[in-house]
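Notes for the one structure printed next.
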Amino acid sequence: MHKLEFYTVKISDIIIETPIIKRFFLTFDSPIIFQAGQFIILKFEGLKHQFDTRSYSIADFTCSNILEICISLKDEGAATPILFEKKIGEELCSSLPQGRFVITEEAVLKPLFFICTGTGVAPFRSMIKELLLYKFFTKSINLYFGCRTREDILYFEEFKLLMKTYPNFKYFPILSREKWEGETGYVHPYYLKELENKPDALFYLCGWTTMLKETRDNLKAIGYERKDIKVEFYD
Ligand SMILES: Cc1cc2nc3c(=O)[nH]c(=O)nc-3n(C[C@H](O)[C@H](O)[C@H](O)COP(=O)(O)OP(=O)(O)OC[C@H]3O[C@@H](n4cnc5c(N)ncnc54)[C@H](O)[C@@H]3O)c2cc1C
């Protein structure tokens, strides 16, 4: 296995998205290459935990040497409380983009279903923007995003704008703990309804294990094969 190299990156901006979610913009010294869907690994000095690294999906690519990550605070966690204390101008230690959770050649031939909760939407934001804005993808793209309350919806205005601009993009934000004018409950019944006639489709799932395993079981139960279900586990 090759040894991971780390680079000093500067925090060039921070957006407080919700009380427990921050978007960090990291600037590398020189341009980097990445594929939509990949993640970086941050290394922490003296972390009180078995491992001193944490992975974060790249949520956007604004410039050839700046990338965005979107992090949710885990109060009892080892790394996120440290990250949430960081200020603009401070430095972090990052790997180059990693991972194979990317749009494959077969993916550009099929309708796509992206299913996630919380910050699991990060890699999908990169992928969906790349597909719509740069790859002129014309098959359907369906994004199912679950979170608790309206305040927790990430990139809401941006996804609504994409939906308005690109008729092949369908966006389903679903709230589990608040009534609103949109969908409520858990994500599962919503994508299952869309799949009633079992259309040809490819699935990307991202986030925390429990929801992803339930989703994968649901998809297998209605006849989709494991090879058509790509998963990125955050834990
Ligand atoms: C490929 C990959 C990409 C990732 N991308 C992101 C990302 O874009 N944004 C992001 O916020 N996190 C992401 N993570 C999770 C991240 O790496 C850390 O696990 C998370 O930030 C918690 O770190 P911590 O040190 O504060 O908590 P830890 O001390 O590591 O937490 C202890 C335990 O809690 C679990 N856990 C942590 N957060 C949650 C949560 N919100 N819900 C349920 N269980 C949780 C951990 O898996 C661990 O088992 C990603 C993980 C992987 C593997």
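Observations on the structure shown:
- Value of [θ]222 nm, deg cm²/dmol, for the chain, DSSP H segments ≥ 4, -39500 (n - 2.57) each, nearest 500: -5000 deg cm²/dmol
- When the GluC sites (Glu not before Pro) in the stretch 1-109 are filtered for DSSP coil states and for at most 12 other beta-carbon atoms within 10 Å of their beta-carbon, the remaining sites are E5, E45, E76, E90, E105.
- Nearby aspartates and glutamates by direct alpha-carbon distance to K227 (threshold 16 angstrom, same-chain neighbours under 8 apart not counted): E105, E106, D200, D217
- Cα-derived Rg over Rh, computed across the stretch 166-235 with Rh taken as Kirkwood radius: 0.97
- The rule of thumb for compact globular proteins, 2.2 N^0.38 Å, goes into the C-alpha radius of gyration of the stretch 32-134 1.17 times.
- Reducing the stretch 90-129 and the stretch 2-69 to their Cα centroids gives an inter-centroid distance of 14 Å.
- Simple rule: put +1 on each Lys or Arg Cβ and -1 on each Asp or Glu Cβ in the stretch 106-233, find the dipole, and look at V187, L161, N218; the Cα lying farthest toward the positive end is N218.
- By the rule of a C-alpha distance below 24 Å, with chain neighbours fewer than 8 residues away ignored, the lysines paired with K10 are K22, K43, K48, K74, K86, K87.
- The chain, dipole about Cα centre (Lys/Arg Cβ +1, Asp/Glu Cβ -1), debye to the nearest 20: 400 debye
- Remark on the chain: hydrodynamic radius 18.5 angstrom, per the Kirkwood mean of 1/r across alpha carbon pairs.
Every number in this text was worked out from the coordinates using simple rules, so none of it is lab data. This structure is a prediction, so every number in the text was calculated from the model and none was measured. For neighbour counting, all protein chains shown are included, and Cβ atoms are generated from backbone atoms with ideal geometry for every residue, glycine included.
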